[in-house]
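This report concerns only the one structure given below.
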Amino acid sequence: SARRMTELVNAILDVNRLESGRMPLQRKLVAINLLAMDVMQMETAVASEKGIRTENDVPMSLPGVWADEALIRRVLQNLIGNAIKFTPPGGCVRLSARSEDEPKRQVVLSVSDTGTGIPPEIQPRLFQKFAAGEQEEHGSGLGLAFCKLAVEAHEGRIWVESTSEHGTTIAFSLAATEGDRIA
């Protein structure tokens, strides 16, 4: 209980720092493909315990991004963790990524699940603080708010691509480097 309470307090503080612009970003060139694959591999153990299959569709040819690696790691952990939390045994969580050049050079990552979907009543406020549904498993309502603020601090955006009773896809974008991909 004490660990969970500490995590909640830290999440509230991080959201507050991001909202107020007082969380300095430690940007560096990040191989987003390797970071995404690392996070997915770590989360696969939790998914396996729950009987959920994971799929990783992150191409090695992605360009790098200038980002705070720790913040983007947490965004991916939150999104994949939520997908696992709301996917029943026998379901699937998929991480995918693509590079786009329009309207600007960017990398788009998306996390899809075959879970219960997002209740319609919370969809309009999905990325706001403390937005949580009434389903049996739910969190503090800070995870997606943190994701939104962290991605926006990188001048990216986050959105729900789709949601239904058969699952949800949440995607986010980050500006890509102008050069070639990095290893």
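Over all distinct Cα-Cα pairs of the range 71-110, the Kirkwood formula returns a hydrodynamic radius of 11.7 Å. Extension gain for residue 60 to residue 104 (0.36 nm times residue separation, less C-alpha to C-alpha distance): 13.8 nm. Note on surface exposure: 169, 163 rank 163, 169 by accessible area, highest first, 1.4 Å probe.
To the nearest 10 Å², what's residue 166's accessible area with a 1.4 Å probe? Solvent-accessible area, nearest 10 Å²: 130 Å². By the Cα gyration tensor, the range 38-112 has an equivalent ellipsoid whose semi-axes, rounded to whole angstrom, run 25, 13, 10 from largest to smallest. Each of residue 155 and residue 2 was given a label point 7 Å from its Cα along the Cα-to-Cβ line. The distance between the two points is 4.5 nm.
The values are calculated or read from the model by the stated rules, or taken from the named source; none is laboratory data. Fair warning: this is a prediction, and the values are worked out from it, not measured in the lab. Cβ coordinates were reconstructed from backbone atoms using ideal geometry, including for glycine residues, and neighbour counts include every protein chain displayed. With ligands, DNA and RNA removed, areas are computed over all heavy atoms of the protein, side chains included. Shrake-Rupley method; radii C 1.70, N 1.55, O 1.52, S 1.80 Å.
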